[in-house]
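First up is the structure itself, then whatever we jot down about it.
What follows is calculated from the coordinates using simple rules that are stated; it is not laboratory data. Source: prediction; values computed, not measured. All Cβ positions, even for glycine, are placed from backbone atoms using ideal geometry, and neighbour counts span all protein chains on display.
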Amino acid sequence: MNILAAFVKIFLGNRIKVILTEHICIKTFLKENFSIKQVLIFTVMKVIYRFSDAIITMSKKSEQELRSVIGPRPPIHVIYNPVIPENIDSLANKKPNHPWFHSSSKIVVSVGRLVDVKGFDILIKAFSKVCKKVDSKLIIYGSGPEESKLNKLIRSLDMEKYIVLAGYTNNAYSAIKHADLFAMSSRVEGFSSVVVEAVHLNTPIAISDCPGSGAELFSTLKSARVFPVNDIEKCTKSIIDLLSTNESHDTKSATINFTGEVATNNYLKVADSLMGKLT
């Protein structure tokens with residue numbers, strides 16, 4: 001759709017203004033999803049994006065990668081997704097229905113589609129070491145094509161009593177809010193909205209430093225740990241560090257830029273800056 005919009009701009013010129021939105025980290029995505037089709041799209045994009053009047057990305061990393069691809073034009077603005085809904089707190093306060101939340105163990109929660117790029121295999125392997133050091137259990141919410149493979153991995157590690165694939169949930173906020181830790185081990189993200197939600201709900205986070213993970217925003221929080229992509233040992237250490245402390249921190253203010261009001265105002269500012277350039 002972005003490429004089509006840019007083509008329209010070429011034909012109509014200054015009679016219209018075209019703002020593109022790019023949700024992924026271009027170079028990282030191509031590296032992780034290499035194919036002839038993706039290379040062709042990438043090649044066309046490098047040329048055609050330059051004809052737009054502005055581009056909006058979802059993260060600083062995405063902006064940096066896109067800028068290195070298309071050059072100095074057009075202006076690129078970082079506007080974070082408005083991922084914090086107005087009813088998040090009321091939904092989060094509901095009691096989660098998984099029985100492990102009623103145990104005395106520390107609870108680690110992760111949420112996402114069960115696909116390779118989410119790196120759940122790394123999290124499962126790391127947690128098989130965590131639960132031997134700290135009385136804890138891991139609940140992974142989500143569904144996807146890797147479910148059978150991940151369940152096989154859990155069984156091979158003899159972790160059925162400590163790790164569960166709980167399937168889809170329509171209220172992840174409740175699970176995240178009542179967990180002792182949120183973990184995310186992705187290999188690549190467009191931008192991880194669930195990490196923002198966890199920070200908003202004051203839940204400690206252990207996340208990979210993949211593009212789009214939120215590490216660029218939250219790595220300095222006292223209740224956050226960031227580990228390298230695919231690093232089982234450092235993922236293990238990050239989780240143990242956070243589960244071993246009883247400190248609590250109010251991190252909600254760190255997500256102020258992720259509301260609908262802030263995002264809308266930022267989009268309007270970009271549009272207003274272009275309207276005066278119509279000829």
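Computed from phi, the 3J(HN,Hα) profile of region 212-221 under the Karplus parametrisation 6.51, -1.76, 1.60 (θ = phi - 60°) reads x, 6, x, 4, 4, 9, 10, 5, 8, 5 Hz, with x in place of Gly and Pro. For the pair region 155-180 and region 1-42, the centres of their Cα atoms are 37 angstrom apart.
Label-to-label distance, Val47 versus Thr264, with points set 7 angstrom from Cα along the beta-carbon direction: 4.1 nm. Per-residue Karplus couplings for region 13-25, computed as 6.51 cos²θ - 1.76 cosθ + 1.60 with θ equal to phi - 60°, are listed in order as x, 6, 6, 9, 10, 10, 10, 9, 10, 10, 9, 10, 8 Hz, Gly and Pro entered as x. Computed from the C-beta positions of Asn97 and Asn14 and an R0 of 45 Å, the FRET efficiency is 0.20 to the nearest 0.05. The angle between the Cα long axis of helix 120-130 and the longest principal axis of the Cα atoms of the chain comes to about 30 degrees, rounded to the nearest 10. I want the local charge near Leu153. Using Cβ-Cβ distances under 13 Å, sum +1 for each Lys or Arg and -1 for each Asp or Glu among the other residues. After counting each charged neighbour, the total is -2.
Evaluated on region 1-128, the Kirkwood hydrodynamic radius is 18.2 Å, with distances taken between all distinct Cα atoms. May I ask for the angle, rounded to the nearest 10°, between helix 36-48 and the longest principal axis of the chain, with both axes built from Cα atoms and the value confined to 0 to 90°? Helix 36-48 and the main axis of the chain meet at about 50 degrees. Here the Gaussian network model covers the chain, with springs between Cα atoms less than 10 Å apart; of Thr236, Thr169, Thr255, Thr169 fluctuates the most.
Across region 178-184, coupling constants 3J(HN,Hα) worked out from phi with the 6.51/-1.76/1.60 Karplus curve, θ = phi - 60°, read 8, 7, 7, 6, 9, 10, 9 Hz, and Gly and Pro carry x. Exposure proxy for Val109, Val78: other Cβ atoms within 10 Å of each Cβ, ordered fewest to most, give Val78, Val109. Charge tally for Gly142 (other residues, Cβ to Cβ under 15 Å; Lys, Arg +1; Asp, Glu -1): -3. Measuring against 30 Å, Cα to Cα, the residue pairs Lys31/Lys177; Lys61/Lys269; Lys31/Lys137; Lys61/Lys106; Lys95/Lys222 contain Lys31/Lys177; Lys31/Lys137; Lys61/Lys106 as the ones spanning a longer distance. The dipole here belongs to the chain: it is taken about the Cα centre, uses +1 on the Cβ of Lys and Arg and -1 on the Cβ of Asp and Glu, and is about 540 debye. Angle check, please: helix 2-12 long axis (alpha carbons) against the longest principal axis of the chain (alpha carbons), in degrees 0 to 90, nearest 10. Relative to the chain, helix 2-12 is tipped by roughly 10 degrees. When Lys and Arg each count +1 and Asp and Glu each count -1, what net charge do the other residues less than 15 Å away from Phe34, Cβ to Cβ, add up to? For residues surrounding Phe34, the net value is +2. Inverting the pair-averaged 1/r between distinct Cα atoms of region 162-279 gives 15.9 Å as its Kirkwood hydrodynamic radius. Taking a point 7 Å from the Cα of Asn246 along the Cα-to-Cβ direction, the residues of region 119-140 with backbone N closer than 20 Å to it are 133-137. From the coordinates of this entry, P(r) over Cα pairs in 10 Å bins from 0, in percent is computed, and it appears in [x] 6, 20, 28, 29, 16, 2; [y] 7, 32, 40, 19, 2; [z] 6, 27, 31, 21, 11, 4, 0 under the label [z]. In the chain, a dipole from Cβ-located charges (positive for Lys and Arg, negative for Asp and Glu) runs towards its positive end, and of Ile26, Val134, Leu181 it is Ile26 whose Cα lies farthest in that direction. The trypsin sites (Lys or Arg not before Pro) of region 102-210 meeting both criteria, a DSSP state outside H, G, I, E and B (loop) and at most 14 other C-beta atoms within 10 angstrom of the site's C-beta, are Arg113, Lys132, Lys133, Lys161. Residues whose amide H comes within less than 5 Å of that of Ser186, counting only those at least five positions distant or on another chain, are Ser208 (H built at 1.01 Å from N in the peptide plane).
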